[in-house]
Amino acid sequence: MSLRPDLALIASHVQPGTRVLDVGCGDGMLLAALRDERGVDARGMEIDAEKVEQCVSRGLSVIQGDANTDLAFYPDDSFDYAILSQTLQTTQRPDQMLDELLRVGRQAFVSFPNFAHWRVRLYLLAKGRMPVTRNLPQTWYDTPNIHHLTIADFRDLLDVRGVKVKRCWFLSRGKLISPLNANWRAHNAVFQVTR
């Protein structure tokens, strides 16, 4: 089974033989790819007990935990990379989550849906409602997304927190696009950040 495009990007930029914590690892697809293809010491944290069970049954080192509170139990610099894919917008305090990622990991990969994509804007303009799209498939009252952020918002957060961008990528329909007008054109963004 192939990785989601943002996860494939992340996997290709994790150095072999490093230690990785995937926060909100879901079904463990990224962890398995990192372990099997990159020789990474891959660990995961997931809130959903069924997904944790799936991961463990595949031989992955995953614990059940709530990233909003349980990252505090990890010592500083425990990992070379902390990964948060498509989860930042679901956390209680994205600013504090970013700080915790960069406390437990020397670097972090963060991917998220861009709520400023032109189709989202057009939907809001035309219908006056929060959009339901292929990339944002749940209704506003049923979505796990509690913070609707844009690429510009995330860049502002990085500036406020004194976080440096090592690399960034922008995806539209699963394909890489140029950074030119990415806040308008990208469905998803992936950032590799460090202090």
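Count of region 21-30 residues, restricted to those that are within 21 Å of Leu171 (Cβ to Cβ) and more than 12 Å from the chain's Cα centre (by Cα), is 2.
Going by the conditions given, is Arg119 more than 21 Å from Gly24 (Cα to Cα) and outside any loop (DSSP other than H, G, I, E, B)? Let's see the steps before the verdict.
Values: more than 21 Å from Gly24 (Cα to Cα): yes; outside any loop (DSSP other than H, G, I, E, B): yes.
Yes.
When region 146-195 is limited to residues that are surrounded by fewer than 20 Cβ atoms within 10 Å (Cβ to Cβ) and in contact with a Pro (Cβ under 6 Å, 6 or more places away or on another chain), the one that is farthest from Val14 (Cα to Cα) turns out to be His147.
Restricting the search to helices (runs of 4 or more DSSP H) fully inside region 1-109 and requiring at least 1 residues that are touching a Cys at 6+ places or on another chain (Cβ under 6 Å) and either at pLDDT below 95 or buried (at least 21 other Cβ atoms within 10 Å of the Cβ) (or both) gives 29-38.
The values are calculated or read from the model by the stated rules, or taken from the named source; none is laboratory data. Since the structure is predicted, the reported quantities are computational estimates derived from the model, not experimental observations. As a convention, Cβ positions derive from the backbone with ideal geometry for all residues, glycine included, and neighbour counts pool all protein chains shown.
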